[in-house]
Amino acid sequence: MQLFNKNLEKIEPYLQRAISAQPKLSVDDIDAKEITLQLSEQIRLQQFRWADSKYLPHILTVHVLEDKPDKIEPLEIIFCAPEFTKIIMQMAKDADLECLMPIRAEVELVKRNHSAIITGSNRCAVTLTWPKVEDTLALADVIVDQDQRRIIAIHVRRAKMPILARLTALNSEVYRNNYLMIREITHIGRLRVVIDDKTGRFLRRNDFVFAQNDDPEAVCNSVSRQHARISYQADGSFYIEDTGGVNLTRIERLEDGNKKFIDVKPEATIRLQHRDIVHLGLAQVRFQIVDHIDPTMLAELSSEQERTTINHSGNERSPNVTMRLPVFKRDE
């Protein structure tokens, strides 16, 4: 508990620094002390037993009033920062809690009567939740008994196509690297939530997400919010298109030992090949095909380590099932 409190004490100073760096935010939008107390309470309450351990929901949802869409971007920058998520993960560890996946933040617009929003307040609030059905980044659905704080089962999501691919950022910061593409469409851009600056209208959520850095010269800042889209098509291939990148989208390909560059023109699609390097502004991303596999075996629950999962119901436990990411189809 002493270590937990020590890390809890890091949250408020971090938030104060981060908030002061965001000119769009005011005391009417977020309160560092209030958020710190909410996080502490969420970690205390949202503990779910599964087999012999307790697990913490790994989605930190930031609830923002629907009439404040312009606050989404600065709040996402604050709550998705590696420094912040590292502190939360350490707090969970200090409290002897496991996480199925690294904790990540999602910012959502809510009505004023939302249960998370303090009555009479205009400020954002945070809760810890499990992935929603519409969450395109989730590899599995977690079924829980909310009253008994118990995980009933984990259902691995099936891949939408027989051939899978992986995206790896080579020179810039992204929210989740070595991203496994299990859906037909993958949106690529800077920041997770894309809002129209003029109307406040929601446009899309990016799947392979580049961070936004305070340094204007940072590589990730050269990626546009709606930069590109990769789609799996009926011929069994992946295609990339530029969906609004201010800076050039280009494919770097090795042919007969020589580098070849292919510009991705607006409204055109280019077929991707294994080990292509995709240039998005200054950022470089490697595209890799992974092996043909049984979709039910694709999802390790952590992108960085192999895990053993257990379907747990009452006192009965099914045999352990080890799930790992598929191996690369070709030699690295």
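The values are calculated or read from the model by the stated rules, or taken from the named source; none is laboratory data. Just so it is clear, the structure is predicted and the values come from calculations on it, not from any experiment. Counting neighbours? That spans all protein chains shown, and the Cβs are built from the backbone with ideal geometry, glycine included.
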For residue 133, all conditions in the list (1) surrounded by fewer than 18 Cβ atoms within 10 Å (Cβ to Cβ); (2) farther than 18 Å from residue 104 by Cβ; (3) not small (Gly, Ala, Ser) hold save one; what is the number of the exception? (2)
Exactly one of these conditions fails for residue 153: (1) among the aliphatic types (A, V, I, L, M); (2) closer than 19 Å to residue 273 by Cβ; (3) surrounded by fewer than 19 Cβ atoms within 10 Å (Cβ to Cβ). Give me its number. (2)
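Please report, ordered by residue number, the strands (runs of 3 or more DSSP E) entirely within the range 197-287 with at least 1 residues that are loosely packed, with under 12 Cβ neighbours inside 10 Å.
249-255, 258-263
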Would you check which residues across the range 191-214 are at pLDDT below 95 and of a type in the set (Asp, Glu) and list them? 196, 197, 214
Six or more apart or on different chains, Cβ atoms under 8 Å: show the pairs whose first residue is in the range 215-227 and within 17 Å of residue 194 (Cβ to Cβ) and whose second is among the acidic types (Asp, Glu). 220/173; 221/215; 227/242
Can you report the number of residues in the range 246-282 which are at positive phi and charged (D, E, K, R)? 3
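Which strands (runs of 3 or more DSSP E) sit wholly inside the range 137-187 and have at least 1 residues that are within 19 Å of residue 227 (Cα to Cα), in contact (Cβ under 8 Å) with a residue 12 or more places away in the chain and touching a strand residue (DSSP E or B) at 6+ places or on another chain (Cβ under 6 Å)? Even if it seems obvious, please write down each step before you answer.
On the way: elements: 140-145, 150-156, 164-169, 179-181.
In the range 137-187, 164-169, 179-181 are the strands (runs of 3 or more DSSP E) which contain 1 or more residues that are within 19 Å of residue 227 (Cα to Cα), in contact (Cβ under 8 Å) with a residue 12 or more places away in the chain and touching a strand residue (DSSP E or B) at 6+ places or on another chain (Cβ under 6 Å).
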Please go through the range 256-293 and pick out each residue that is over 27 Å from residue 225 (Cβ atoms) and of a type in the set (A, V, I, L, M). 289, 290, 293
Conditions (1) touching a residue at least 24 places away in the same chain (Cβ under 8 Å); (2) under 16 Å from residue 128 (Cβ atoms); (3) aliphatic (A, V, I, L, M) -> residue 37 fails only (1)
Could you figure out which of (1) surrounded by 17 or more Cβ atoms within 10 Å (Cβ to Cβ); (2) modelled with pLDDT of 95 or more isn't true of residue 103? (2)
